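Each remark here refers to the structure printed beneath this line.
The values are calculated or read from the model by the stated rules, or taken from the named source; none is laboratory data. Please read these numbers as outputs of a predicted model, since none were measured by experiment. A quick note on method: Cβ atoms are made from the backbone with ideal geometry, for glycine too, and the neighbour counts reach across all protein chains shown.
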Amino acid sequence: MLYTEPISGLFARLAQTASVKSALSEGVRLACEATGCLAGVLTADLDAACTTSSWLRHDPHGLLERVASGDATLEALTPTGQSRNDAVSCAKALLREVQVPLRCAGRDVGRLILLAPQEASDEQLKDRITGIEAALAVLMAAVENSAAGPLSGVLSRAAFRDRVVSEVSRAERCGDQLSVLHVKVAAVCPYTNDDEVGPWARVGLLGEALGTRFRASDVVGLLAPDRLAILLAGTGRLGARIAARRIEQILRVPGNDLSRRLAFDSAPPEFCLRTFPDDGGDADSLCRVQHWNAEASVVAMAAVSPG
């Protein structure tokens, strides 16, 4: 069954309220309704592995945190007024996550994660929300694009990766180095379910501000809702560490308007570093951070004392 009428209602809500967040929230609810799932979340972070990393969620029974932590007890799954038999049926239904990639114009823009009935196959669930999935993808792409573009000087994920591919090719021909400095701001400016601007907006603001303080050959891009990256052409590890230190100094200036707006005074961003060719020879290895915590501490210490 295709939910064509609710999908048109989703865009009608967007036209009426001018709120992308409201339309996305309605889309998650419709996806749960169409599939019989009791909860669902929407995430723009392509590296997120679970339902705890989300922007919008439909969770009327408060199940997501308990299921994610393994605490899916019958009591936790029993809505007010339901019998224990109903709770047993509910518990059997909440045993797995189904992740639905959201793609727009041939690229991934996010994921819809559903707490799915055990008896329903992934294919059945996805067939029921084909139209909803497409609508969510279009809206998610709009959210990302609003924080990136020619006016801000900040590249989207796809555009930044394409630029890294091009720069790696040039570095290979010239025997040169390049670095990608990752800047994570999740602990500093998290987005919440009540946040109308949602993911990307704050980290995009940081990227726009930093882009004016680097060389013309350096490129700033968004890689996740809590992370931006700076492509430093012709720059090795030492130069990238100095760049990390420069960012910290910019944000620690007393009375700095950017620090005040993004609350950086108490919690500065974390850094990770990828250098070509030492840390990888392609764009994927340079744009991904596999073990953020371990690598971030190394770069942070080096940034304080680049020598």
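Of all the residues that make up segment 142-178, how many are over 14 Å from residue 231 (Cα atoms) and crowded, with 19+ Cβ neighbours inside 10 Å?
4
Does residue 181 satisfy the criteria of being modelled with pLDDT of 90 or more, crowded, with 20+ Cβ neighbours inside 10 Å, not in a helix (DSSP H, G or I) and not assigned by TED's automatic domain parsing to the domain that holds residue 273?
no
Within segment 186-198, is there a residue that is under 25 Å from residue 165 (Cβ atoms) and modelled with pLDDT under 85?
Looking for residues that are under 25 Å from residue 165 (Cβ atoms) and modelled with pLDDT under 85, one finds none in segment 186-198, hence no.
Among the numbered criteria (1) closer than 22 Å to residue 158 by Cα; (2) of a type in the set (A, V, I, L, M); (3) out of contact with any strand residue (DSSP E or B) (no Cβ under 9 Å at 6 or more places or on another chain); (4) at pLDDT 75 or above, which single criterion is violated by residue 238?
Failing condition for residue 238: (1).
Considering only residues that are outside any strand (DSSP E or B) and touching a helix residue (DSSP H, G or I) at 6+ places or on another chain (Cβ under 6 Å), which ones fall in segment 206-222?
209
Look at segment 127-167 and say how many of its residues are in contact (Cβ under 8 Å) with a residue 12 or more places away in the chain, in a helix (DSSP H, G or I) and farther than 19 Å from residue 104 by Cβ.
The total comes to 5.
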